[in-house]
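Only one structure is covered here, and it is reproduced in the block below.
The values are calculated or read from the model by the stated rules, or taken from the named source; none is laboratory data. These figures come from a predicted structure and were not determined experimentally. Cβ placement follows ideal geometry from the backbone for every residue including glycine, while neighbour counts extend to all protein chains displayed. Just so you know, the surface numbers come from the protein's heavy atoms only, side chains and all, with ligands and any DNA or RNA stripped out. Shrake-Rupley method; radii C 1.70, N 1.55, O 1.52, S 1.80 Å.
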Amino acid sequence: MKDVLIIGGGFAGVWSAAGAVRAAREAGAGDALRVTLVDGGDDMVIRPRLYEDAPEGMRVALDRVLGPIGVRRVTATVTGIDTEAHAVRAVTRTGEELNLSYDKLVLATGSRLIRPDFPGARHIFDVDTLPAAAALDHHLRRLPAEAPSQGRYTAVVVGAGFTGVELATALGERLKAISGAQGATEDARVVLVDLADVVGPELGPGPRPTILDALDELKIERRLGRTVASVTRRDITLSDGEVIPAATVVWTAGMAASPLTAEIPGERDRLGRLSVDEYLRVAGVPDVYAAGDTALAAADDGRTTTQSCQHALPMGKFAGHNVAADLLGTAPLPFTPDPYATCLDLGPADAVYTEGWDRRVALTGPEAKALKKKINETWIYPPTDDAEQLLDQAGRFSNG
Ligand SMILES: Cc1cc2nc3c(=O)[nH]c(=O)nc-3n(C[C@H](O)[C@H](O)[C@H](O)COP(=O)(O)OP(=O)(O)OC[C@H]3O[C@@H](n4cnc5c(N)ncnc54)[C@H](O)[C@@H]3O)c2cc1C
């Protein structure tokens, strides 16, 4: 019996587990592998939905996905990896230390937001993790109970990238609903701040006119070419000295790969992602694979992968297939993602869907919104309580 150990129960980790089980069964060697997934929590968090209302529900119990396919689950936070000894150290919620060994390892511990450290940074919110998004949600719901003040229903979103735009366009509507209950709808105000001179700097010029039209329609103010100097519970001061009264400041700028990537002696990019080969093996490190936001792989059209579900999901399937193939001596599959596309939610102003790395707009309006809803509410969820459906989907390497 050989051990496949997967660290991380997000999109890449869950699909690695399903991919490994499927490949072993397909090879008629279901009993030859023991697949174990270790995660600090009990749920797969649907991170792309954490900008939405009621984020507490954006999760799927890992047992409902992994249980039916016989994947062993360990609830513990990994603290160290010894690639020479093929051993992983972890600590359980009760403080018990565990040593887990592996024949093949998949590192799928995702990414995290880099929180700033300017004065008052402890007052800012984020939507990077489920607890953080729940804290923001709780704060918003409690705003009517706060003493009336000029910025009570003002939210400043820092970072006008993908997450910042989705959050800002969603927040306007939420603040209106919350303040409207007190007849103060006109007080709802959202301001988007970015160091860059343009909205969506990394989204490029393709979707920008659609995004700007949406921001105008929703009356979302912009402060571009500026950053944050400091924050208090009542206001935010920008780098040019402007003070905006605001009870809510949300930080969305800057991501880095999981710090566990530093435990693997491989080459890493500026985001901390491990370079992997076409089979998602970490270059130069025997028996270690990486998938999702921890990995930098070649994508379509001569580009490299982005930290996105769109890449994490198929990377998981390929990595799972390949660790099993590696152990069973069957054929590995080179990672071949679908052509790149993005779908950006614009709240009540619908959505914008783009194709290609130059992000040519392919859909806008209600059609793009319907697609975004389908992606968020259906496509990115794994089947639960159904081994056949999960394993069937693990064998479909295209997102389409
Ligand atoms: C607000 C928001 C909006 C987004 N919108 C989009 C979008 O529209 N489209 C898109 O494609 N992508 C989007 N993304 C990005 C997407 O969510 C990530 O790219 C995706 O979650 C990466 O999947 P992953 O499996 O690599 O990592 P994750 O989903 O982050 O999963 C990592 C898992 O590893 C576990 N873990 C971490 N450290 C340890 C440890 N030390 N020990 C044990 N377990 C550990 C975590 O608990 C987690 O379960 C968004 C992200 C956010 C935050």
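How much net charge surrounds K219 when only other residues with a Cβ under 15 Å from its Cβ are counted (Lys, Arg +1; Asp, Glu -1)?
That sum, taken over residues with Cβ under 15 Å, equals -2.
For region 115-251, taking Cα atoms only, what is the radius of gyration to one decimal and the Dmax to the nearest whole Å?
Cα only, region 115-251: 14.2, 43 Å (Rg, Dmax).
Using 7 Å Cα-to-Cβ label points, what is the A283/T185 separation (nm, one decimal)?
With each label point 7 Å from Cα toward Cβ, the separation is 5.6 nm.
How many percent of Cα pairs in the chain exceed 33 Å? Walk me through the numbers before you get to the answer.
Values: 27567 of 79800 pairs.
Looking at the chain, the distances longer than 33 Å represent 35 percent of pairs.
Roughly how compact is region 15-149, stated as its Cα Rg over 2.2 N^0.38 Å to two decimals?
The value comes to 1.35.
Sorted by mean Cβ packing within 10 Å, highest first, what order do the peptides 259-271, 185-197 take? Can you show the working numbers first?
Working: 259-271: 16.3, 185-197: 19.2.
Final packing ranking: 185-197, 259-271.
Whole-Å semi-axes of region 282-355's equivalent ellipsoid, largest first, each the root of 5 times a Cα gyration tensor eigenvalue?
The answer is 30, 11, 11 Å, longest axis first.
With Cβ to Cβ distances under 14 Å as the rule, what net charge do the other residues near T237 carry (K, R +1; D, E -1)? Don't skip to the end; give the middle numbers.
Values: positive: R223, R226, R233, R234; negative: D235, D240, E242.
My count for the surroundings of T237 gives +1.
Let me check I've understood the local charge: for L333, count other residues with C-beta under 10 angstrom from its C-beta, Lys and Arg +1, Asp and Glu -1. What total comes out? Please report the intermediate quantities before stating the final value.
Working: positive: K317; negative: E278.
Charge balance in the 10 Å sphere: 0.
When the Kirkwood hydrodynamic radius is evaluated over all pairs of different C-alpha atoms of region 128-192, what value in angstrom, to one decimal, is obtained?
12.2 Å
Just going by the charge dipole of the chain, with Lys and Arg at +1 and Asp and Glu at -1 on Cβ, which of V323, A177, V60 is farthest out on the positive end?
A177
If the viscosity is 1.002 mPa s and the temperature 20 °C, what translational diffusion coefficient in µm²/s does Stokes-Einstein give for region 222-346 when Rh comes from Kirkwood over Cα pairs? Don't skip to the end; give the middle numbers.
Working: Rh = 17.2 Å.
It diffuses with D of about 125 µm²/s by this estimate.
Stick to the Cα atoms of region 44-111, pair each with every other, and give me the Kirkwood hydrodynamic radius in Å at one decimal.
Kirkwood hydrodynamic radius for region 44-111: 14.3 Å.
Cross-link candidates for K2: which lysines have Cα within less than 18 Å, leaving aside residues fewer than 8 places away along the same chain?
Partners found: K104.
Please list I244, I114 in order of solvent-accessible area, largest first, computed with a 1.4 Å probe with all protein chains present.
I114, I244
Using unit Cβ charges (K, R positive; D, E negative) and no other charged atoms, how large, in debye to the nearest 20, is the dipole of the chain about its Cα centre?
It comes to approximately 500 debye.
Could you check which residue among D301, D345, D43 shows the biggest mean-square fluctuation in a GNM of the chain with a 10 Å Cα cutoff?
Between D301, D345, D43, it is D301 that shows the largest mean-square fluctuation.
If you filter region 272-316 for trypsin sites (Lys or Arg not before Pro), then keep DSSP loop positions with at most 16 other Cβ within 10 Å, what is left?
Working: sites: R273, R281, R303; in loops: R273, R303.
For trypsin sites (Lys or Arg not before Pro) across region 272-316 that sit outside H, G, I, E and B with at most 16 neighbouring Cβ atoms in 10 Å, the list reads R303.
On the protein heavy atoms, probe 1.4 angstrom, tell me the percent of accessible surface of region 115-251 carried by carbon and sulfur.
So the carbon and sulfur contribution to the accessible surface is 52 percent.
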